[in-house]
Amino acid sequence: MNYLRDFRKLVWLAMVLWTMPGLAQSHDPKSPTPLGPGVNKGNVDNVTGPVYYSFQGGPGRVTMNFGFKSLGVFGNPLKESLSFDIYENGKFLSHSVIVSTDKMERIAPAGDLVSARLFTVYVVPQEAAIRMGGYYEIEITGAVTFGAAKATGEGAKPVDTRLTNGPVALTNGSATLTNGPVALTNGPVKLTEAPVALTVQESPQQIRLYMAADVLFDFDKSTIRPDAAKTLHQVADIIRAKSRGVVRVEGYTDSKGNAAHNARLSEQRAASVKEWLVSREGLDTAIAALGFGAGNPVAPNAKPDGSDDPAGRQQNRRVEIVISK
């Protein structure tokens, strides 16, 4: 056992030394940049592609602090999403998404690790026909071993996407660009994609997966959307690797609407996820489907002044999967 532990340390050190020069952002998942203590900073976009970092966590509590400020278009705000995905030895573990329009937004997923493990962080901008991305920050705290002496991207700031610092006259007078109207597209263009929300929390006894119901289902429906297949496949992989007992699929709604209707809808959604995992993914483990309606909210459904809180209600519309270890 000591030999194995020492070998893992040597592998970790070799990877650190390989990626140390300059501590630049890595675009190669096989050679991720080691994270350092403090706030690691950088800019990312869908033109240059995802960037990759590594850190060793555990045993103990580890908190991952992620921040994102959108790039915008020519200095104008645009809603964009940035994914922070965690992998271990090439196996997917968690998927966290931050949506930003014109300011820094943050999330802080956390979990308890029973042993020391090496992780890779994938920082992935959304796909689009135009340049999208932005400025991000990563700070890992708790039971962490860093592969660099200091944080990466020291001094990095959000990219200035303005074309100029002031107005520019393109011509000395009026100019006719075309002989008539120009159709830029044959139809509407979708600049952004809805974030796929899958978050994993792990303890020594169980793993709890959180999926946004808005990703899995259309409004007030219990039929799983075709574009949810990727997320459910990731869930199935985690169940195959980690499950040692009964798996519970729990459905939840927000507080809007009739309580009986919400309870029934949450039960139907949980049953749909169970059916998908059994029929599409071939899981043969024992799976129980339960619906809790608007019970056990993870966020307020209303603001302190009593007005509606759409963001809170969105978090409460979810499906949780509990895996016994």
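The values are calculated or read from the model by the stated rules, or taken from the named source; none is laboratory data. Keep in mind that this is a model prediction, so the values were computed, not measured. Counting neighbours? That spans all protein chains shown, and the Cβs are built from the backbone with ideal geometry, glycine included.
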Practice prompt. Determine whether Ser81 is in contact (Cβ under 8 Å) with a residue 24 or more places away in the chain, in contact with a strand residue (DSSP E or B) (Cβ under 9 Å, 6 or more places away or on another chain), assigned to a strand (DSSP E or B) and among the hydroxyl-bearing types (Ser, Thr, Tyr).
Written response: yes
Could you please let me know if Ala149 is within 20 Å of Phe55 (Cβ to Cβ), part of a loop (DSSP other than H, G, I, E, B) and more than 21 Å from the chain's Cα centre (by Cα)? yes
Per the filter on segment 86-120, residues of a type in the set (D, E, K, R) and either assigned by TED's automatic domain parsing to the domain that holds Val215 or over 14 Å from Glu137 (Cα atoms) (or both) are Glu88, Lys91, Asp102, Asp112, Arg117
Across segment 282-299, the tally of residues that are farther than 17 Å from Leu209 by Cα and either crowded, with 18+ Cβ neighbours inside 10 Å or among the charged types (D, E, K, R) (or both) stands at 3
Checked segment 91-138 for anything hydroxyl-bearing (Ser, Thr, Tyr) and assigned to a strand (DSSP E or B); matches are Ser94, Ser96, Ser100, Thr120, Tyr122, Tyr135, Tyr136
Inspect segment 273-289 for any residue being touching a strand residue (DSSP E or B) at 6+ places or on another chain (Cβ under 7 Å) and among the polar types (S, T, N, Q) and give the result as yes or no. yes
Yes/no for Gly57 being assigned by TED's automatic domain parsing to the domain that holds Val121 and assigned to a strand (DSSP E or B):
yes
Picking from Phe92, Phe55, Phe84, the residue that is modelled with pLDDT under 90 and among the aromatic types (Phe, Trp, Tyr) would be Phe92
Among residues of segment 180-202 being under 26 Å from Val123 (Cβ atoms) and of a type in the set (Ser, Thr, Tyr), the residue modelled with the highest pLDDT is Thr199
Listed by first then second residue, the pairs whose first member lies in segment 32-61 and is within 15 Å of Val121 (Cα to Cα) and basic (Lys, Arg), whose partner is at pLDDT 95 or above and part of a strand (DSSP E or B), with beta carbons under 6 Å and at least 6 positions apart or on separate chains, are Lys41/Glu137
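Rundown of residues vs (1) more than 21 Å from Pro37 (Cβ to Cβ); (2) surrounded by 18 or more Cβ atoms within 10 Å (Cβ to Cβ), yes/no style:
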site	(1), (2)
Val97	yes, yes
Met104	no, no
Arg117	no, no
Ala148	no, yes
Gly155	no, no
Determine whether Gly67 is in a strand (DSSP E or B), in contact (Cβ under 8 Å) with a residue 40 or more places away in the chain and surrounded by fewer than 15 Cβ atoms within 10 Å (Cβ to Cβ).
no
Given the structure, is Val249 closer than 26 Å to Ser96 by Cβ, surrounded by 13 or more Cβ atoms within 10 Å (Cβ to Cβ), touching a helix residue (DSSP H, G or I) at 6+ places or on another chain (Cβ under 6 Å) and among the hydrophobic types (A, V, I, L, M, F, W, C)? yes
